[in-house]
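The values are calculated or read from the model by the stated rules, or taken from the named source; none is laboratory data. Because the structure is predicted, anything quoted here is derived from the model rather than measured. In this analysis, Cβ positions are derived from the backbone assuming ideal geometry, glycine residues included, and neighbour counts consider all displayed protein chains.
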Amino acid sequence: MSTHLVGPMLLVTILFSIAPQELLARNLVCTAKPEAFWQHEPETWCLIEDIDLEESSEDINFPEQTKIHLRNFNVSYLSPTLLFKMKSVQHLTVEFCTMTKLFMKPTLSSMEIKNSNIMEVIIDKDSNYELLNFSLEGIYRKTFPNNFIRLTHLEELSIRHNDLPKFNMRQLDGLGNLKVFDLSYDSVEQLIIPDALNLPNLKELYLAENKLQKLPTNLRRLKALETLNLHSNQIAFLEMSHFNGLNHLKKLVLSGNRLQISTLEPVHLPHLEKLELIGCGLKELDMLYWKLPALRYFNVFENSLVSIMNFPESFTKELVFVPVGNRWSCQTLEAISSKVTIKVKERDHYCEHKVTDICCNGGSIDFNLVDTLDRKVQLLKFQNSILYEKLSETNGKLEKVIGVVDQRIVKK
Ligand SMILES: *[C@@H]1O[C@H](CO)[C@@H](O)[C@H](O)[C@H]1NC(C)=O
Ligand SMILES: *[C@@H]1O[C@H](CO)[C@@H](O)[C@H](O)[C@H]1NC(C)=O
């Protein structure tokens, strides 16, 4: 190397080391043509992807955008400092990211975290959160946040596709604006609804694709409920009157549970409009004392029903009934179809007898008497267990009263 080059090279080195930080800052940009990008109105979103940030890289700039979607974006801590640099962001999505910690930015309207490996989601106790919608899907978590109650404005909470065998709704107690709670696909075996739970606006509860074996107790605490979805759980026995008290319930989905339904007490759901019992393996259904004055849609597609006992007199042509895929006796089907509107989605295959285009059996046959009797016995046992529970509850109360009386007598 000739000696006259050393001078200029030294100068360049010195210039770089005294350059202001801004000159060296890294400007992140929105991906121009994102592939496989799922967002509503994708053109309004800024996707920033395939970034691996150093622990201490604070000299970084985010584009001025209100909707930012981080994809395959790794940083050990998505810190308040980094988030502060997303000045205008209102809606933030984090997908396929690896982070140790993620701080919730208080000024966001919506936040979505999905399919990411995040150890800790920090919901700060001293911040005033404006968040309305929060979705946490598929988090390979170590610790799941349990302080949702700090998100005081929350209207929609979705925590689908996680692994939550036990969920206590106490974590949401007091969220006065919460309207929608989605806990589907979470392997929930136990959902606890505490005695004094305050969720005065909870209108939609989604519990589909879990492992519930019975209805959560205290369900009627959720007084404002309009939609309840229990699709594809493992509920085998159901006492229908346990829904009583849900006086605003409009839609009830019980499809995909291998069900036996009992009615020990009258069922009264004054606003129920839609009842779905698809693919429940029902062989019989007794609707004695079911009062569903607002029912307009009743679907029993794909069961094994031969008849429905005590089909309510109050049902009229205003009710759309979907009976396809059962083993109806023609007599029953005839009686039902004269009362309500039958909806035939697809024509039944060739069969000897049909009523309103739906297959039925002419004679009164019982194709598997032993099995039917067996199920009847099981149902009776289930009903017995409910009666027993009621009895011991009453006994408990009685004992308390007697205790009080005894004490008074002793005092005297
Ligand atoms: C982010 O981390 C994940 C998991 O360690 C890795 O598979 C991925 O390649 C990383 N992404 C970048 C942009 O470095
Ligand atoms: C919240 O979600 C609802 C329905 O999913 C949507 O209509 C609403 O615009 C969302 N709000 C925000 C602030 O993203």
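Could you tell me whether residue 159 is over 23 Å from residue 110 (Cα atoms), of a type in the set (A, V, I, L, M, F, W, C) and without any contact (Cβ under 8 Å) to a residue 60 or more places away in the chain?
Spelling it out, it is not the case that residue 159 is over 23 Å from residue 110 (Cα atoms), of a type in the set (A, V, I, L, M, F, W, C) and without any contact (Cβ under 8 Å) to a residue 60 or more places away in the chain.
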> Would it be correct to say that residue 55 is touching a strand residue (DSSP E or B) at 6+ places or on another chain (Cβ under 9 Å) and modelled with pLDDT under 90?
Replying inline: yes
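Could you check the stretch 134-154 and list, in sequence order, the residues that are away from ligand 1 (no atom under 16 Å from the Cβ) and buried (at least 17 other Cβ atoms within 10 Å of the Cβ)? Outline the logic, then answer.
Of the residues in the stretch 134-154, the ones away from ligand 1 (no atom under 16 Å from the Cβ) are 134-137, 143-154.
Within the stretch 134-154, 134, 136, 137, 145, 148, 150, 151, 154 qualify.
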>> Can you confirm whether residue 191 is in contact (Cβ under 8 Å) with a residue 24 or more places away in the chain, away from ligand 2 (no atom under 16 Å from the Cβ) and surrounded by 15 or more Cβ atoms within 10 Å (Cβ to Cβ)?
In response: yes
>> If I ask for residues that are touching a strand residue (DSSP E or B) at 6+ places or on another chain (Cβ under 7 Å), without any contact (Cβ under 8 Å) to a residue 60 or more places away in the chain and either more than 12 Å from residue 299 (Cβ to Cβ) or assigned to a loop (DSSP other than H, G, I, E, B) (or both), which ones from the stretch 247-263 would you list?
In response: 249, 250, 254, 255, 259, 261, 263
>> Anything in the stretch 264-313 that is of a type in the set (Ser, Thr, Tyr), under 25 Å from the mean Cα position of the chain (by Cα) and assigned to a loop (DSSP other than H, G, I, E, B)? List them, or say none.
In response: none
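Which ones in the stretch 152-188 are aromatic (Phe, Trp, Tyr) and more than 16 Å from ligand 2 (Cβ to nearest atom)?
The first filter runs over the stretch 152-188 and keeps only residues aromatic (Phe, Trp, Tyr), leaving 167, 181, 185.
Within the stretch 152-188, 167, 185 qualify.
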> Quick one: is residue 344 surrounded by 18 or more Cβ atoms within 10 Å (Cβ to Cβ), outside any strand (DSSP E or B) and among the aliphatic types (A, V, I, L, M)?
Replying inline: no
> Here are 130, 112, 155: which of them is under 29 Å from residue 61 (Cβ atoms), of a type in the set (Asp, Glu), within 22 Å of the chain's Cα centre (by Cα) and at pLDDT 95 or above?
Replying inline: 112
>> Here is a check on your reading of the model: is residue 119 closer than 18 Å to residue 82 by Cβ and modelled with pLDDT of 95 or more?
In response: no
> How many residues are under 14 Å from the mean Cα position of the chain (by Cα) and either in a loop (DSSP other than H, G, I, E, B) or not aliphatic (A, V, I, L, M) (or both) when one looks only at the stretch 169-189?
Replying inline: 11
> Out of the stretch 79-111, which residues are of a type in the set (A, V, I, L, M, F, W, C) and away from ligand 1 (no atom under 13 Å from the Cβ)?
Replying inline: 82, 83, 84, 86, 89, 92, 102, 103, 104, 108, 111
> Would you say residue 119 is part of a strand (DSSP E or B) and either crowded, with 19+ Cβ neighbours inside 10 Å or in contact with a Ser or Thr (Cβ under 7 Å, 6 or more places away or on another chain) (or both)?
Replying inline: yes
> Exactly one of (1) under 22 Å from residue 264 (Cβ atoms); (2) in a loop (DSSP other than H, G, I, E, B) is unmet by residue 201. Its number?
Replying inline: (1)
